[in-house]
Amino acid sequence: MRSPSTPRIVVFGNEKGGTGKSTLAMHLAVALMNRGLSVATVDLDARQGTLSKYVANRKRYKERTGLPIPLPAHHAISSRTDETGYEVELPRVLAETGGHNVVVVDTPGFDTTLSQIGHSFADVIVTPMNDSLIDLDVMSDVDPLKQTIVRPSHYAERVWRAKQLRAKRDGGSIDWVVLRNRLGQLEARNKKLVAKLLAELARRIGFRLVDGIAERVVYRELFLDGLTVEDLAALAKGGALAMSHVAARQELRALMIALGLKDTLETSLISA
Ligand SMILES: Nc1ncnc2c1ncn2[C@@H]1O[C@H](COP(=O)(O)OP(=O)(O)OP(=O)(O)O)[C@@H](O)[C@H]1O
Ligand SMILES: [Mg+2]
């Protein structure tokens, strides 16, 4: 059993690159911090380091402006193994995150041992995917004539292995959530087919399909300052927000609820 003070670990993963893992990891971390939670962030994608750069940009912005924006306790981790090949750095860092409410982990868009181990520490795995048959192909093979699922493919197997590792390590279970990202730019027929196939796949391989995130400029324009749409709301100090920013905040709020973080938020506010 994990103690009530153990942080909830949310891992963003998908073997398909460029689906929004790092962007949504940062947006979730800031949304939680702006609601008073203490958050640690972990970047397992040392080569690209998008989340690490996002956090570094935020730190610089804070120093430059003196604005009171919260920073996560950030860790960029590279693979470091002991003589038996066991990853040692990640478990060591995670063991030090005890004082935080939530740990948000970003992983690369390809398979590595470190990423596999990272997935196995998750309470929730969040898989963002673009609303396209190419992204669906990473999750499952689709029969092109019947337009049905033939079999789950490698990423689904990776999540399955992570679930087994986690169960073996501490008896815990992993909630797998798939989220359609950048919704809105595709034609309706393709979208309907992806939705149908995802619903079928969810039943077969056991993930939850949650409300998606729309394609919005605001999700990509704030990176250089390390800000997110949540900061715009906080910095506006009650001033008017553009409609698309309001909608983006609602999407993030729905995501926090869908990830089961509502209880963490309520508990932390009660004990604050
Ligand atoms: N909802 C969105 N609306 C608009 N742009 C988005 C949205 N989500 C992500 N993006 C943009 O999509 C691109 C890919 O996002 P990101 O780098 O977060 O993906 P990733 O899955 O972490 O990629 P990688 O696998 O390479 O690490 C970036 O340019 C990002 O700004
Ligand atoms: Mg990334």
- List the strands (runs of 3 or more DSSP E) that sit entirely inside the range 13-125 and contain at least 2 residues that are within 14 Å of ligand 1 (Cβ to nearest atom), under 22 Å from His245 (Cα atoms) and small (Gly, Ala, Ser). none
- Query: Is there a residue being among the aromatic types (Phe, Trp, Tyr), at pLDDT 90 or above and within 19 Å of His27 (Cβ to Cβ) anywhere in the range 193-207?
  - Reply: no
- Message: Name the residue that is farthest from Val217 (Cα to Cα), counting only residues in the range 169-184 that are within 15 Å of ligand 1 (Cβ to nearest atom) and not hydrophobic (A, V, I, L, M, F, W, C).
- Response: Arg180
- Scanning the range 192-210 for residues that are in contact with a strand residue (DSSP E or B) (Cβ under 8 Å, 6 or more places away or on another chain) and among the charged types (D, E, K, R) gives Glu200, Arg204, Arg208
- Being over 23 Å from the mean Cα position of the chain (by Cα), more than 19 Å from Met26 (Cα to Cα) and surrounded by fewer than 15 Cβ atoms within 10 Å (Cβ to Cβ), is that true of even one residue in the range 87-107? no
- The helices (runs of 4 or more DSSP H) lying wholly within the range 165-236 that contain at least 2 residues that are within 16 Å of ligand 2 (Cβ to nearest atom) are 218-221
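Matching residues to (1) within 27 Å of Leu51 (Cα to Cα); (2) within 21 Å of the chain's Cα centre (by Cα); (3) surrounded by fewer than 20 Cβ atoms within 10 Å (Cβ to Cβ):
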{"site": "Val159", "(1), (2), (3)": "yes, yes, no"}
{"site": "Ser173", "(1), (2), (3)": "yes, yes, yes"}
{"site": "Lys192", "(1), (2), (3)": "no, no, yes"}
{"site": "Lys196", "(1), (2), (3)": "no, no, yes"}
{"site": "Leu209", "(1), (2), (3)": "yes, yes, yes"}
{"site": "Leu235", "(1), (2), (3)": "yes, no, yes"}
{"site": "Ala242", "(1), (2), (3)": "yes, no, yes"}
{"site": "Leu265", "(1), (2), (3)": "yes, yes, yes"}
- Please determine, by comparing only the residues of the range 132-147 that are exposed (fewer than 13 other Cβ atoms within 10 Å of the Cβ) and either within 16 Å of ligand 2 (Cβ to nearest atom) or in a strand (DSSP E or B) (or both), which one is nearest to the chain's Cα centre (by Cα). Asp141
- Message: I'd like to know if the range 12-30 contains one or more residues that are more than 16 Å from ligand 2 (Cβ to nearest atom) and among the charged types (D, E, K, R).
- Response: no
- Determine whether the range 120-131 contains at least one residue that is out of contact with any Lys or Arg (no Cβ under 9 Å at 6 or more places or on another chain), at pLDDT below 95 and more than 16 Å from ligand 2 (Cβ to nearest atom). no
- Task: Could you list all residues from the range 113-138 that are among the hydroxyl-bearing types (Ser, Thr, Tyr), touching a residue at least 40 places away in the same chain (Cβ under 8 Å) and under 24 Å from Glu87 (Cβ atoms)?
- Result: Ser115, Ser120, Thr127
- Which condition does Arg64 not pass, out of (1) among the charged types (D, E, K, R); (2) in contact with a Phe, Trp or Tyr (Cβ under 9 Å, 6 or more places away or on another chain); (3) more than 16 Å from ligand 2 (Cβ to nearest atom), if it passes all the others? (2)
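The values are calculated or read from the model by the stated rules, or taken from the named source; none is laboratory data. What you see is a predicted model; the values in this text were computed from it and never measured. Please note: Cβ atoms are built from the backbone with ideal geometry, for glycine as well, and neighbour counts cover all protein chains shown.
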